[in-house]
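Handing you a structure now.
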Amino acid sequence: MNKDQCFQIGRIAKVHGLRGEVNVVLDVDYPEDYDGLEHLFLEQKGRLVPFFLEHFVIQPGSRALAKFEELDTIEQVEMLVGSEVYLPLTELPELEEDQYYYHELIGYEVFDETKGLIGPVQIIYDLETQDLLGVTHQGKEVLIPIQDGIIQKVDKAAKKVYCQLPEGLLDIYLED
């Protein structure tokens, strides 16, 4: 399984108890959607390796308690601490009609309500402080914050993102 076919749901934070359980810190909007997972992928030396689960129980505070099959001691799971945890994109929860996943926006055309076509979304920057669309406009990369008030509407059928860009945002990127 390749990373581009998966999405990260969190990372293994620490060992829990003496019988091979681990605490997983989740980085998802709705942790309850992942309760009872049967398998997941862990990044090991740059590759995604499948692991089957005896249990995966959601805990308070966006955490989960996980127990892997055939890993029954602290020593066996200590090496997994710090590993990033992934699932295939096919296992993303279904969204409402007006909702979208950021990765879906790559390739969509971005339109500003006053300036018209800005350009295609090339990349999504998932930063701690803010998520951004990386859009190509007149041969330059323009970063557009993914925020209510700026992103007005996403038309998934037409593959278009409609925005109301802050005054002067494009000018910043077009100056030489």
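The values are calculated or read from the model by the stated rules, or taken from the named source; none is laboratory data. All values derive from a computational prediction rather than experimental measurement. Note: ideal-geometry Cβ built from the backbone for every residue, glycine included; neighbour counts use all protein chains shown.
Take the conditions touching a Gly at 6+ places or on another chain (Cβ under 6 Å) and among the charged types (D, E, K, R) and apply them to Glu175. Does it pass? Quick ask: steps written out before the conclusion?
Values: touching a Gly at 6+ places or on another chain (Cβ under 6 Å): no; among the charged types (D, E, K, R): yes.
In short, no.
Name the residue, out of Leu95, Leu53, that is exposed (fewer than 12 other Cβ atoms within 10 Å of the Cβ) and either hydrophobic (A, V, I, L, M, F, W, C) or in contact with a Phe, Trp or Tyr (Cβ under 7 Å, 6 or more places away or on another chain) (or both).
When all the criteria are applied, what remains is Leu95.
Continuing with the same structure: In this structure, does Asp72 turn out to be in contact with a Cys (Cβ under 6 Å, 6 or more places away or on another chain) and either in contact (Cβ under 8 Å) with a residue 40 or more places away in the chain or aromatic (Phe, Trp, Tyr) (or both)?
Numbers: in contact with a Cys (Cβ under 6 Å, 6 or more places away or on another chain): no; either in contact (Cβ under 8 Å) with a residue 40 or more places away in the chain or aromatic (Phe, Trp, Tyr) (or both): yes.
Against the criterion (in contact with a Cys (Cβ under 6 Å, 6 or more places away or on another chain) and either in contact (Cβ under 8 Å) with a residue 40 or more places away in the chain or aromatic (Phe, Trp, Tyr) (or both)), Asp72 does not qualify.
Just name the residue that is nearest to Glu43 (Cα to Cα) out of those in the stretch 70-82 that are surrounded by fewer than 18 Cβ atoms within 10 Å (Cβ to Cβ) and not β-branched (Val, Ile, Thr). Explain how you work it out, then say what you get.
Residues of the stretch 70-82 that are surrounded by fewer than 18 Cβ atoms within 10 Å (Cβ to Cβ), as a first pass: 70, 72-76, 78-79, 81-82.
Within this subset, residues satisfying the condition of being not β-branched (Val, Ile, Thr) are 70, 72, 75-76, 78-79, 82.
Working: Glu70: 18, Asp72: 20, Glu75: 18, Gln76: 16, Glu78: 14, Met79: 12, Gly82: 9 Å.
Of everything passing the filter in the stretch 70-82, Gly82 is nearest to Glu43 (Cα to Cα).
A follow-up question, please. Looking at the stretch 7-20, which of its residues are farther than 23 Å from Glu96 by Cβ, part of a strand (DSSP E or B) and touching an Asp or Glu at 6+ places or on another chain (Cβ under 9 Å)? Give the steps one after another, and end with the answer.
Taking the stretch 7-20 first, the residues farther than 23 Å from Glu96 by Cβ are 10-20.
Imposing the further condition that a residue be part of a strand (DSSP E or B) reduces the set to 10-16.
If the condition is that a residue be farther than 23 Å from Glu96 by Cβ, part of a strand (DSSP E or B) and touching an Asp or Glu at 6+ places or on another chain (Cβ under 9 Å), then Gly10, Arg11, Ile12, Val15 are the ones that fit.
Right, here's the next one. Within the stretch 128-138, can one find any residue that is in a loop (DSSP other than H, G, I, E, B), in contact (Cβ under 8 Å) with a residue 40 or more places away in the chain and out of contact with any helix residue (DSSP H, G or I) (no Cβ under 6 Å at 6 or more places or on another chain)? Steps first, please.
Looking only at the stretch 128-138, we keep the residues that are in a loop (DSSP other than H, G, I, E, B), and these are 128-130, 138.
Checking the rest, the ones that are also in contact (Cβ under 8 Å) with a residue 40 or more places away in the chain come to none.
No: zero hits.
Residues to consider are Leu26, Leu48; find the one that is farther than 23 Å from Glu94 by Cα, at pLDDT 90 or above and either surrounded by 14 or more Cβ atoms within 10 Å (Cβ to Cβ) or among the hydroxyl-bearing types (Ser, Thr, Tyr) (or both). Talk me through it step by step, then tell me what you get.
Details: Leu26 fails: farther than 23 Å from Glu94 by Cα.
Exactly one residue qualifies, and that residue is Leu48.
Sticking with this one: Check whether at least one residue in the stretch 85-108 is out of contact with any strand residue (DSSP E or B) (no Cβ under 6 Å at 6 or more places or on another chain) and within 19 Å of Leu174 (Cβ to Cβ), and report yes or no.
no
Exactly one condition in (1) under 17 Å from the mean Cα position of the chain (by Cα); (2) not in a loop (DSSP other than H, G, I, E, B) is false for Asn23; which is it?
Here Asn23 clears every test but (1).
Further, regarding this structure: Taking Val28 as meeting all but one of (1) part of a loop (DSSP other than H, G, I, E, B); (2) without any contact (Cβ under 8 Å) to a residue 24 or more places away in the chain, write down the number of the exception.
The failed condition is (2).
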